């Protein structure tokens with residue numbers, strides 16, 4: 001697997017130590033990695049890059065690490081946030097942004113290591129790996145980014161909010177990969193993510209992007225039960 005990280009801290013010593021710990025962890029675990037580092041919130045905010053993990057100091061001048069986290073979650077809602085600071089008064093705000101860890105300075109490598117173990121576990125749990133049809137390269141995306149999967153003759157189309165991929169994996173393989181409560185195979189040609197259903201009728205669903213997906217006749221009764229059960233869990 002590979003991980004892309006952002007380290008943002010105006011304390012040079014702490015920023016460099018965070019980079020060193022992150023690199024050491026990835027090399028110890030055999031993880032491919034890349035990272036960007038900066039000493040101010042503005043550089044992180046104006047960047048258009050999406051990251052898997054971010055290590056953010058809270059106090060960064062005019063804007064804070066909390067501001068940076070909000071922008072990062074727009075680019076990748078699954079980004080895993082670590083806040084690194086001396087000040088405990090920000091804990092509640094950090095938790096509201098679903099931060100994975102609140103790490104106090106000075107950094108402790110053992111705690112840092114355990115936090116990254118948990119982060120990698122979450123990334124692996126929620127990610128889907130598949131081979132691209134044309135290049136046969138391995139691609140990894142988060143399962144909750146997938147709106148639907150469609151089989152088209154000799155290839156499978158994977159549609160996310162922002163991208164369309166063509167997979168070398170067969171539809172039955174995708175059904176196994178997406179064996180989650182929020183996915184359902186409504187038709188031999190379609191697997192949908194229920195999180196993106198905007199409107200439901202007996203024989204079709206309309207997704208949040210406006211696309212209409214048919215529900216096969218033999219699936220209609222079971223899907224109705226499954227979808228109602230899903231809605232109850234979401235309440």
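The values are calculated or read from the model by the stated rules, or taken from the named source; none is laboratory data. As the structure is a computational prediction, the values presented were derived from the model and not from experiment. Cβ placement follows ideal geometry from the backbone for every residue including glycine, while neighbour counts extend to all protein chains displayed.
Among the residues of the range 130-159, the one identified as touching a residue at least 60 places away in the same chain (Cβ under 8 Å) and either loosely packed, with under 15 Cβ neighbours inside 10 Å or not assigned by TED's automatic domain parsing to the domain that holds residue 205 (or both) is 140. In this structure, is residue 110 more than 21 Å from the chain's Cα centre (by Cα) and at positive phi? Taking the combined requirement at face value, the residue does not satisfy it. The condition of being in contact with a helix residue (DSSP H, G or I) (Cβ under 7 Å, 6 or more places away or on another chain) and modelled with pLDDT under 95 holds for residue 195.
Tallying residues that are under 16 Å from residue 224 (Cβ atoms) and either outside any strand (DSSP E or B) or under 23 Å from the mean Cα position of the chain (by Cα) (or both) within the range 191-212 yields 5.
Quick check on residue 27: is it farther than 27 Å from residue 141 by Cβ and surrounded by fewer than 20 Cβ atoms within 10 Å (Cβ to Cβ)?
Details: farther than 27 Å from residue 141 by Cβ: no; surrounded by fewer than 20 Cβ atoms within 10 Å (Cβ to Cβ): yes.
Taking the combined requirement at face value, the residue does not satisfy it.
Residue count for the range 113-142 under the criterion of being within 17 Å of residue 79 (Cα to Cα), in contact with a helix residue (DSSP H, G or I) (Cβ under 9 Å, 6 or more places away or on another chain), modelled with pLDDT of 85 or more and outside any strand (DSSP E or B): the result is 2.
Going through (1) out of contact with any helix residue (DSSP H, G or I) (no Cβ under 6 Å at 6 or more places or on another chain); (2) within 23 Å of residue 79 (Cα to Cα); (3) in contact (Cβ under 8 Å) with a residue 24 or more places away in the chain; (4) surrounded by fewer than 18 Cβ atoms within 10 Å (Cβ to Cβ) one by one, residue 162 falls short only on (3).
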